[in-house]
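Working notes, structure below.
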Amino acid sequence: MSESDAGESIAGESAAQGGAAQKNAAQKSVAQETCVPGDRRLGPGVLVLVVGPSGAGKDTLIAHARERLAARANIRFARRRITRAADATENHIALDEDAFAAGVADGRFPLHWRANGLCYALGEEVAQDIAAGHIVVANGSRAAVPEARGRFLHVRLVHVTAPPEVLAARITARGREGEAALAQRLAREPVLDGEPDLRILNVGAPFEAGERLAAFLRGL
Ligand SMILES: Nc1ncnc2c1ncn2[C@@H]1O[C@H](COP(=O)(O)OP(=O)(O)OP(=O)(O)O)[C@@H](O)[C@H]1O
Ligand SMILES: O=P(O)(O)OC[C@H]1O[C@H](OP(=O)(O)O)[C@H](O)[C@@H]1O
């Protein structure tokens, strides 16, 4: 699917480009979907998962969009729980394995996954924001998309990528991972469940790709 096709398919569901009247109608129908008996998925808000290989620039583009959309109260940016020590690459909440397991056992994480030898989760505030009808943007795992679709009523996928040699150069330069972890990340290619709603080839200036993500989010 081309990017413009993908954009149309989103517009078909949320009336992103259809003017205020259409948008209101779409919002109403989204709200009604949550009333389907037996459907316990989280809604009516939209979870936007930004996925793609390590080094593609997911966090960079999310940070850019966050700055650009600071005035948009209905667009939230998830702060992930990760069993990795705090560092400058992401403003996550660092948890140890026990605290993470307790969060899972208590049902506090609306979505969690394991990858790269780490555990990742979205926090309970994401469920609250989705229940309030907000758009929540999160750096996600390609492998966890089926789980996301099982937990959230409206999931949109933004796939960010770059050529392998660019990925390798970026994560080497970032310096967060050692050699073995770096090789494992580069070898990781989980299948993506479904067509992305937006594809971004992040090879130019980060600003350009970041603007594309911001424009996509504005249109939801
Ligand atoms: N368009 C770009 N041009 C040059 N460098 C970039 C670009 N986009 C991102 N980078 C750099 O590449 C590195 C990886 O970016 P980032 O951490 O955003 O990727 P990521 O997809 O979130 O990776 P990971 O999944 O490993 O966390 C960072 O050092 C970032 O500054
Ligand atoms: O390879 P897949 O499953 O798509 O993604 C695996 C995980 O790795 C990255 O996190 P980070 O680089 O550790 O912050 C992604 O955000 C995801 O959580």
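The values are calculated or read from the model by the stated rules, or taken from the named source; none is laboratory data. Computed from a predicted model, the values in this text were never measured in an experiment. Counting neighbours? That spans all protein chains shown, and the Cβs are built from the backbone with ideal geometry, glycine included.
The C-beta contact set for the range 45-68 (first residue touching a residue at least 12 places away in the same chain (Cβ under 8 Å), second residue among the hydroxyl-bearing types (Ser, Thr, Tyr) and away from ligand 2 (no atom under 13 Å from the Cβ), distance under 9 angstrom, 6+ apart or interchain) comprises 46/14; 55/172.
Only one residue in 83, 60 is within 14 Å of residue 202 (Cα to Cα) and either away from ligand 2 (no atom under 16 Å from the Cβ) or in contact with a helix residue (DSSP H, G or I) (Cβ under 8 Å, 6 or more places away or on another chain) (or both), so which one is that? Give the steps one after another, and end with the answer.
Values: 83 fails: within 14 Å of residue 202 (Cα to Cα).
Of the residues listed, the single one that is within 14 Å of residue 202 (Cα to Cα) and either away from ligand 2 (no atom under 16 Å from the Cβ) or in contact with a helix residue (DSSP H, G or I) (Cβ under 8 Å, 6 or more places away or on another chain) (or both) is 60.
Just one of the listed residues (157, 182, 167) is within 15 Å of ligand 2 (Cβ to nearest atom) and touching a strand residue (DSSP E or B) at 6+ places or on another chain (Cβ under 6 Å), and it is 157.
Selection of the range 104-133 for residues being in a loop (DSSP other than H, G, I, E, B) and within 20 Å of residue 58 (Cβ to Cβ) yields 109, 110, 116, 117, 123. Checking 162, 181, 168 one by one, the residue that is buried (at least 20 other Cβ atoms within 10 Å of the Cβ) and farther than 16 Å from residue 48 by Cβ is 162 and no other.
Please verify whether residue 148 is more than 10 Å from ligand 2 (Cβ to nearest atom) and free of Cβ contacts under 8 Å to residues at least 12 places away in the same chain, treating the condition exactly as stated. In short, no. The single condition among (1) part of a helix (DSSP H, G or I); (2) within 14 Å of ligand 2 (Cβ to nearest atom); (3) modelled with pLDDT of 95 or more that residue 207 does not meet is (2). Residue under question is residue 176, and the condition is that it be in a loop (DSSP other than H, G, I, E, B), under 22 Å from residue 54 (Cα atoms) and touching a residue at least 12 places away in the same chain (Cβ under 8 Å); does it hold? Considered against the rule, which asks whether it is in a loop (DSSP other than H, G, I, E, B), under 22 Å from residue 54 (Cα atoms) and touching a residue at least 12 places away in the same chain (Cβ under 8 Å), residue 176 comes out as yes.
Restricting the range 49-103 to residues that are under 13 Å from the mean Cα position of the chain (by Cα) and part of a helix (DSSP H, G or I), the residue that is farthest from residue 152 (Cα to Cα) is 60.
Do we have residue 105 as under 30 Å from residue 183 (Cα atoms), away from ligand 2 (no atom under 15 Å from the Cβ) and at pLDDT 95 or above here? Please lay out each step first, then the result.
Values: under 30 Å from residue 183 (Cα atoms): no; away from ligand 2 (no atom under 15 Å from the Cβ): yes; at pLDDT 95 or above: yes.
Against the criterion (under 30 Å from residue 183 (Cα atoms), away from ligand 2 (no atom under 15 Å from the Cβ) and at pLDDT 95 or above), residue 105 does not qualify.
With respect to the stated conditions, residue 108 is more than 10 Å from ligand 1 (Cβ to nearest atom), more than 17 Å from residue 50 (Cβ to Cβ) and among the basic types (Lys, Arg).
Filter the range 185-204 for residues that are within 11 Å of ligand 1 (Cβ to nearest atom) and either touching a residue at least 60 places away in the same chain (Cβ under 8 Å) or among the aliphatic types (A, V, I, L, M) (or both) and give the result. Give the steps one after another, and end with the answer.
First, pick out the residues of the range 185-204 that are within 11 Å of ligand 1 (Cβ to nearest atom): 185-186, 188, 200-204.
Across the range 185-204, the qualifying residues are 185, 186, 188, 200, 201, 202, 203.
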